[in-house]
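These notes are about the structure you will find just below.
The values are calculated or read from the model by the stated rules, or taken from the named source; none is laboratory data. Everything numeric in this text was worked out from a predicted model, so none of it was measured. All Cβ positions, even for glycine, are placed from backbone atoms using ideal geometry, and neighbour counts span all protein chains on display. Protein only, heavy atoms only, side chains kept; ligands, DNA and RNA dropped before computing areas. Shrake-Rupley method; radii C 1.70, N 1.55, O 1.52, S 1.80 Å.
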Amino acid sequence: MLYEEIVEKDKQFFMPVYGNRLPIAIERGNGCYLFDNTGKKYIDFVAGIATNAIGYGDPGFLDHMKEQMNKVCHFSNLYYNEPQALLVEKLCSYMDEPYKAFICNSGAEANECAIKLVRKHFKEQGKYKILGLRNSFHGRTIATLSETGQDKFHKDFVPLCPEFDFFSTIEELKEKIDDKTGAIIIELIQGEGGVNPLALSFVKNIEAVCKENDLLLIIDEIQTGIGRTGTMFAFQDYGLSPDIFTLAKALGGGLPIGACVAKAHISFAKGDHGTTFGGNALCCSAANYMLKVIDDDMLYYVNEMSKYFFEKLAPLHPRGKGLLIGFTIDKLNNYDIVKKCLEKGLLVLTAGFNTVRIVPPLIISKKEIDKGVEILFEAIKELEEA
Ligand SMILES: *Cc1c(COP(=O)(O)O)cnc(C)c1O
């Protein structure tokens, strides 16, 4: 189909939540490259928004998925499911005390599960409020939207769930805790909010406040997890063992899957929660593959490539960790940079107020980094000269 025909159908029939999308239609991918429907090639520093951690067309992944597809894709949670059982075992194996996991379809659903777990856990005490950080992002359902600390996402969707509130400092956090507060949720590096890593001391203080007030600490690892920041989960680098953590994005390597993982004593009972599609054999199988390939060698590689990337981007004062990288150029608009890079064959993302975000596949090579960064600097130069 011609690009124009696709756009016309989209404009006529798709609810316009994505507005004018970037002006290409992607047709296929290979490694760390995407191709549009005219055959033009792009270096991909977006990876489906930190999702396609092993890029596109990995032969081992394809074989694995074909094998599962040939057996069965979905059959409901009425029956036991080997790929799902293997996945929850693997997810809990990263922790050094007992955990249990629930498998769903997306990040928002993983956070919804966490919200319900807090209520369930503190039902007797009536503690249901959750405090989050300003500038956070936790999803688009009504509850996770209410939990998201950015007014731009809220504006037309009031009334939101009233049981969420926000803080920026430890003092403010302490002020806001009352006898209904049950949990604190944070991203260790705010992704959508603009690639803002939290200081270790700040996180340690939050952890201490949780302990003092008998609150559950929820770490939203949806963007940071599965090797993105150079450790399997960002909380490992902060020396935390969260009461609850949530995953999605890279967990399925491009297939839709989310997980909510909690200490074993924080759990549901029969009938408390469920999903039709969530945890189906196909998506769990994808996640099992991802968790197999994202091993210590891969994490070592991510850290090497991260060092290389940060050195190359040094003139832009990049921030972030691993392969979750952001920078801001005060005099340029982030979306203009995204569009200029796209014209030149490089995909990058925006984030926050004026951040350019880079989240390539974790398998990105030095050669691809060289080429992509070269395009990025060219684009910036042209915009600065315009
Ligand atoms: C992407 C994201 C979500 C929402 O995930 P969906 O799969 O889009 O529902 C939640 N939290 C964080 C930190 C995210 O980056």
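What does the charge dipole of segment 218-340 about its Cα centre add up to, to the nearest 20 debye, if the Cβ of each Lys and Arg holds +1 and the Cβ of each Asp and Glu holds -1?
340
About the Cα centre of segment 133-261, what is the dipole size in debye to 20, counting +1 per Lys and Arg Cβ and -1 per Asp and Glu Cβ, all else neutral?
The dipole of segment 133-261 has a size of about 440 debye.
Could you tell me the extents of segment 1-117's C-alpha atoms along the three principal axes, largest first, rounded to whole Å?
So the three principal-axis extents are 52, 35, 29 Å.
Report Rg (one decimal) and Dmax (nearest whole number) for segment 270-341, counting Cα atoms only, units Å.
According to the Cα coordinates of segment 270-341, Rg and Dmax are 19.1, 56 Å.
What do the square roots of 5 times the Cα gyration tensor eigenvalues come to for segment 101-251, in whole Å, largest first, as semi-axes of the equivalent ellipsoid?
Equivalent ellipsoid semi-axes, largest first: 20, 18, 16 Å.
If you roll a 1.4 Å probe over segment 269-383 with all protein chains in place, what percent of the accessible area is carbon or sulfur?
Carbon and sulfur together cover 55 percent of it.
So if I restrict to the alpha-carbon atoms in segment 92-156, what is the Rg, and what is Dmax, the biggest pairwise distance, in Å?
13.7, 43
Compute from the Cα atoms of the chain the Rg and the Dmax, the latter being the longest Cα-Cα distance, and quote both in angstrom.
20.9, 63
According to the Kirkwood expression over distinct Cα-Cα pairs, how big is the hydrodynamic radius of segment 152-232, in Å?
That comes to 14.3 Å for segment 152-232.
So the label point goes 7 Å from the Cα of residue 94 along Cα→C-beta, right? Which residues of segment 191-225 then have their backbone N under 14 Å from it?
In segment 191-225, the label zone of residue 94 (backbone N under 14 Å from the point 7 Å along Cα→Cβ) covers 219-225.
What are the ³J(HN,Hα) couplings of segment 154-166, residue after residue, when phi is run through the Karplus curve with 6.51, -1.76, 1.60 and θ = phi - 60°? Round to Hz, x for glycine and proline.
The phi angles translate into 8, 3, 8, 10, 6, x, 8, 5, x, 8, 10, 8, 10 Hz.
Quick one: length gained pulling residue 18 to residue 175 fully straight, 0.36 nm per residue minus the C-alpha distance?
Contour length minus Cα-Cα distance gives 52.7 nm.
Between residue 331 and residue 237, what is the FRET efficiency for a Förster distance of 35 Å, r being their Cβ-Cβ separation, to the nearest 0.05?
Between residue 331 and residue 237 the formula returns 0.60.
Anything over 22 Å Cα to Cα? Flag those among 90/263; 9/66; 127/152; 9/344; 9/249; 116/204, in the order listed.
In this structure, 9/66; 127/152; 9/344; 9/249; 116/204 exceed 22 Å between Cα atoms.
So with the 1.4 Å probe, I'd like the accessible area per residue for the chain, rounded to whole Å².
On a per-residue basis, 47 Å².
For the chain, what is the calculated [θ] at 222 nm in deg cm²/dmol (nearest 500), taking -39500 (n - 2.57) for each run of four or more DSSP H residues and dividing by its residue count?
-11500 deg cm²/dmol
Normalised by the empirical 2.2 N^0.38 Å for globular proteins, what value does the Cα Rg of segment 262-306 take?
Taking the Cα Rg and dividing by 2.2 N^0.38 Å, one obtains 1.72.
Starting from the alpha-carbon convex hull of segment 211-298, give the projected area averaged over all orientations, in nm².
It is 6.9 nm².
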